[in-house]
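Participant: Before I ask anything, let me first share the structure, which is written out below as structure tokens.
The values are calculated or read from the model by the stated rules, or taken from the named source; none is laboratory data. Note that the structure is a prediction, hence the values are computed from the model and not measured. Here Cβ is always computed from backbone atoms with ideal geometry, including for glycine, and neighbour counts include all displayed protein chains.
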Amino acid sequence: MNEPSARRDRGEAIFKEVFGREPRAGNYPDFLEITTEHLFGEIWARPHLSLKERELVALTAVALARTDWELRGHIGASLNLGMSREKIIEVLIQLAYYGGWPVANNGLRVAQEVFAELDNAAGKDADDDE
């Protein structure tokens, strides 16, 4: 990334609040810069929707795209922002009417997998405390 900017700082802070972690570049650092500065630093920072509302929009759009790995991330982000599992399931169920049954079915499958992974991890953490 180039020189520090207020928009990038704002984007990094919002990203961390949403996903509970720092943004990571992966193979495309330029794409991370665009995502951090523009998507999170500008779009997610706009005042008319809360982060939870914006995450519901993102969750829905990602479910429509049927990209399981990104949907997993947004289910995690939704939970990180305090949305209930029930609310996430309701979004996916309603999506069946607007995006099609296969979209909702895939989203519900991925959500079930993410919830099971979280439950298993929580169980392992609880066992470690004993």
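Participant: Kindly list, by first and then second residue, each pair from a residue in segment 25-47 that is surrounded by 14 or more Cβ atoms within 10 Å (Cβ to Cβ) to a residue that is among the hydroxyl-bearing types (Ser, Thr, Tyr), limited to pairs with Cβ atoms under 9 Å and residues at least 6 apart or on different chains.
Facilitator: Once the first residue is surrounded by 14 or more Cβ atoms within 10 Å (Cβ to Cβ) and sits in segment 25-47, its partners that are among the hydroxyl-bearing types (Ser, Thr, Tyr) give GLU37/SER5; GLY41/SER5.
Participant: Looking at segment 69-116, which of the residues that are of a type in the set (Val, Ile, Thr) and within 22 Å of GLY20 (Cβ to Cβ) is surrounded by the most Cβ atoms within 10 Å (Cβ to Cβ)? It would help to see each step written out before you state the result.
Facilitator: Kept after step one, since they are of a type in the set (Val, Ile, Thr), are these residues of segment 69-116: 75, 88-89, 91, 93, 103, 110, 114.
Keeping just the survivors that are within 22 Å of GLY20 (Cβ to Cβ) gives 75, 88-89, 91, 110, 114.
Numbers: ILE75: 26, ILE88: 23, ILE89: 16, VAL91: 21, VAL110: 22, VAL114: 21.
That would be ILE75.
Participant: Assess whether VAL103 counts as being out of contact with any strand residue (DSSP E or B) (no Cβ under 6 Å at 6 or more places or on another chain) and under 29 Å from ALA13 (Cβ atoms).
Facilitator: Values: out of contact with any strand residue (DSSP E or B) (no Cβ under 6 Å at 6 or more places or on another chain): yes; under 29 Å from ALA13 (Cβ atoms): no.
Criteria not met by VAL103.
Participant: Mind listing just one residue for me: the one in segment 21-45 that is assigned to a helix (DSSP H, G or I) and among the aliphatic types (A, V, I, L, M) and, of those, farthest from the chain's Cα centre (by Cα)?
Facilitator: Out of the qualifying residues, it is ILE34.
Participant: I would also like to ask the following. If you check ALA65 against the conditions, is it under 23 Å from ALA104 (Cβ atoms), among the aliphatic types (A, V, I, L, M), without any contact (Cβ under 8 Å) to a residue 40 or more places away in the chain and surrounded by fewer than 16 Cβ atoms within 10 Å (Cβ to Cβ)?
Facilitator: Details: under 23 Å from ALA104 (Cβ atoms): yes; among the aliphatic types (A, V, I, L, M): yes; without any contact (Cβ under 8 Å) to a residue 40 or more places away in the chain: yes; surrounded by fewer than 16 Cβ atoms within 10 Å (Cβ to Cβ): yes.
In short, yes.
Participant: Taking ARG54 as meeting all but one of (1) surrounded by fewer than 19 Cβ atoms within 10 Å (Cβ to Cβ); (2) over 17 Å from ARG21 (Cα atoms), write down the number of the exception.
Facilitator: Every condition holds for ARG54 apart from (1).
Participant: Okay, moving on. Considering every residue within segment 65-82, establish whether at least one is at pLDDT below 90, of a type outside the set (Ser, Thr, Tyr) and assigned to a helix (DSSP H, G or I). I'd like the intermediate steps shown before the answer.
Facilitator: At the first step, the residues of segment 65-82 found to be at pLDDT below 90 are 65-67, 69.
Subsequent filtering for residues that are of a type outside the set (Ser, Thr, Tyr) retains 65-66, 69.
Retained after the next criterion (residues that are assigned to a helix (DSSP H, G or I)): 65, 69.
Yes, segment 65-82 contains at least one residue that is at pLDDT below 90, of a type outside the set (Ser, Thr, Tyr) and assigned to a helix (DSSP H, G or I).
Participant: Test each condition in (1) touching a helix residue (DSSP H, G or I) at 6+ places or on another chain (Cβ under 7 Å); (2) within 15 Å of LEU81 (Cα to Cα) for GLU37 and report the one that comes out false.
Facilitator: Looking at each condition in turn, GLU37 falls short on (2).
Participant: Please work out if ILE34 is among the β-branched types (Val, Ile, Thr) and at pLDDT 90 or above. First the steps, then the outcome.
Facilitator: On the way: among the β-branched types (Val, Ile, Thr): yes; at pLDDT 90 or above: no.
Judged against the criteria, ILE34 is not a match.
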